[in-house]
1. What nm value, rounded to one decimal, do you get for the distance between residue C:122 and residue C:54 when each label is placed 7 Å out toward the C-beta?
2. Fewest to most neighbouring Cβ within 10 Å: what's the order for A:66, C:251?
3. Quick check on chain A: take the gyration tensor over C-alpha atoms, sort the square-rooted eigenvalues as a ≥ b ≥ c, and tell me if it's rounded (a/c under 1.5), prolate or oblate.
4. So how do A:263-272, B:221-230, C:106-115 stack up, highest first, on mean other-Cβ count within 10 Å?
5. Counting only other chains, and only Cβ atoms inside 10 Å, what mean value do you get across the residues of B:84-94?
6. Please list C:81-87, B:47-53, A:79-85, B:102-108 highest first by mean number of surrounding beta-carbon atoms within 10 Å per residue.
7. Taking each residue in A:208-217, count the Cβ atoms of any other chain within 10 Å of its Cβ, then average. What number comes out?
8. Just want the ordering: C:313, B:179, B:200, from fewest to most Cβ atoms lying within 10 Å of their own Cβ.
């Protein structure tokens, strides 16, 4: 109470200088300086080359694949993640605790391990791949394989953003609606889901951001065919190996700027979420 | 989870407080099926392949000197990277959430950049900076200092990709908690360190733990950034995930999956630790990832 | 009080962390070469040579110890040939490079000036102590009846070959096919491009490296035929899956000469020139040549070749010089806008 009477610019707590100093120095050394080198390098290429690079068919195809698949994966994760969060937060069943703990596995598991095991599973001679092959579906080395890998790495994001909100949701609103005679589906649609939408959006955007840059889990299962199944991070590596540093820097900078914009979106969504929750 | 007490309901009336049995069963089934197919099966495959030729072959695959070197490097990386990024995360969260200053939102976004940028780019920027044709390259070469294509490069690239994890967990959490308690402590005569250790830390410990575990998981498992920066020197600059790829590419599938299974077990241990510690405490504080 | 227990728990944890860190550093240090060998070399090579150089390094270290009384430790780094060239140009401190084609070493000269431009003349046989060629690997029984290059361009045949932009082996593959096409079509370039277009049209995946392509074919069951280094094909057919694969040698192929070189600037700075040159010299020695043959490379030594004729089929071989040398080939076929890009630009992928 006393604190709120103080003018905002006057700080009572110590440690501002030290904390901010550490933060800025470290951030500068590890993030800002290296990334500026990248952008400067890309800028060195000059507008005509930058345009030529970013509009070449191969680069565009890679962007379409990376962004397109990431978007699809984020949508899948939004749907299934929501369902998983719902089931984990609201129901009781055997194995719930185990399932809850294991949702974080894609966060804890190295992407390379996910990559080789998914490649093994969905190869035409793999457990799932052989079954799918009989149905005429190929997963490995097609964009579908990329999609599955991206769903895997993005799985926890929506679940972990929605779960806490679901758990903290006030059941009184639902109970009031019940007492007022609303049907279950209506209650869900009008009372429960609306506050969850920002959470789902945040989670899905996080999953999307993670998926566009994903390398380790995708590289084992993607076909790497230029113009068809080649993801952007691989294209960057290929350019580097061809000594096309400028080309690599230009594409990387494009990704960087796209990621930055996404981040701004995520952060504003999270700010909106906090307002919703009154935190 | 509050439930309407039966006693407050008129006799004979059934209230749709939850979904019907059938819907619930269906949802649970779908969720479990999804979980099994997308999460469980890949894990089972790892162990099935690792043990395909029996336990002896599995064990032999792990005892190879180059594998041991990879394990050492991975552990060394984690032990260096996690504390550094934890200190950074705490410092950044303290500065951002307990004070007001201009550019705060920009700072938060900048901290998040390594999270959303492709790890390949994360590795590449250091090669461009410290490599021979890079800005600092000639100076480093002249002084015989090796950063990229040597262990320091691996550590720095991992620092980059794991930088945001602790901060991301702490910032929303500490923002929610506000500054009242700390200010009260200061006015009661505590100094900054005491305030932090006795007031702030207990409040944030679950968010901090989760952030540390995520940071650790990523530090151990990072592949893309390290692949660009490591130089693939067997026995020297290969981390465990890289070594998995090396073994896989040399037709040593059992050994590749054996090392992968080690990584799965490390990930499991992390999750079990988190679950155990959390179950000993109060309900989860809603820190957003 | 909660605060006190937090404090002691924290300092306890700090202590544990410190002990763990110290132990780890000691373990790392103990295993580091600084305390073990007197000389160390780093050999940057391409992917398929892992087993070969593992054997070579052991044998050479024994010989070096015997001859000079000193211990030597050779580190290996393996990745795609182009990737290694880039890494070395960017500062990977390799004392020797043993890559898939001369162009990749030329690139190191051009980009980073780490070797003298006349490196290839310093050792015999264009600095390639062993050679190989390009053959086909097919499933046992050869169900699709693959006999020669035109079969790869047939409808309904799935071909596995790596990406020439990143893989050295892939470029040898491409040039072998190109050479055949040029000869068949009387040097008509557009017909040759069309022919190669059909072959690459039959490829569902382009791995980044030769070894990756071998894994795709042998392990993941993709494809009817793998275009590969002879040494890769022999390894797969003889060791990895003797009941699963067989080799088909085409009527015309290319002499693939993977070269080796000492990286001048690095060995001079590290003082390892003598050891590095002895190491490369070992590859030409009878023992080195025998190891090459055992690992399915065609040795240069006639005696050793005679002893291993059972594994190396006689085949008519073209030389890269016939196409103007690697610099010319790279510019025409693999640079941006070159033949490969033109073929791929008009590609619609299979499936």
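Each reported figure results from applying straightforward, stated rules to the coordinates on display, with no laboratory input. The structure presented is a predicted model; accordingly, all values stated were derived computationally and were not measured. Reconstructed Cβ throughout: ideal geometry from the backbone, glycine too, with neighbour counts over all protein chains shown.
1. Placing both labels 7 Å along Cα→Cβ, they lie 2.9 nm apart.
2. In order of increasing Cβ crowding within 10 Å: C:251, A:66.
3. Taking the square roots of the gyration eigenvalues as a ≥ b ≥ c, chain A is oblate.
4. Working: A:263-272: 17.6, B:221-230: 27.9, C:106-115: 19.3.
Ranked by mean Cβ neighbours within 10 Å, highest first: B:221-230, C:106-115, A:263-272.
5. The per-residue average across the peptide is 4.
6. Answer by packing, highest mean first, reads C:81-87, A:79-85, B:47-53, B:102-108.
7. Whole-number average of other-chain Cβ neighbours for A:208-217 is 5.
8. Ranking C:313, B:179, B:200 by Cβ neighbours within 10 Å, fewest first, gives C:313, B:179, B:200.
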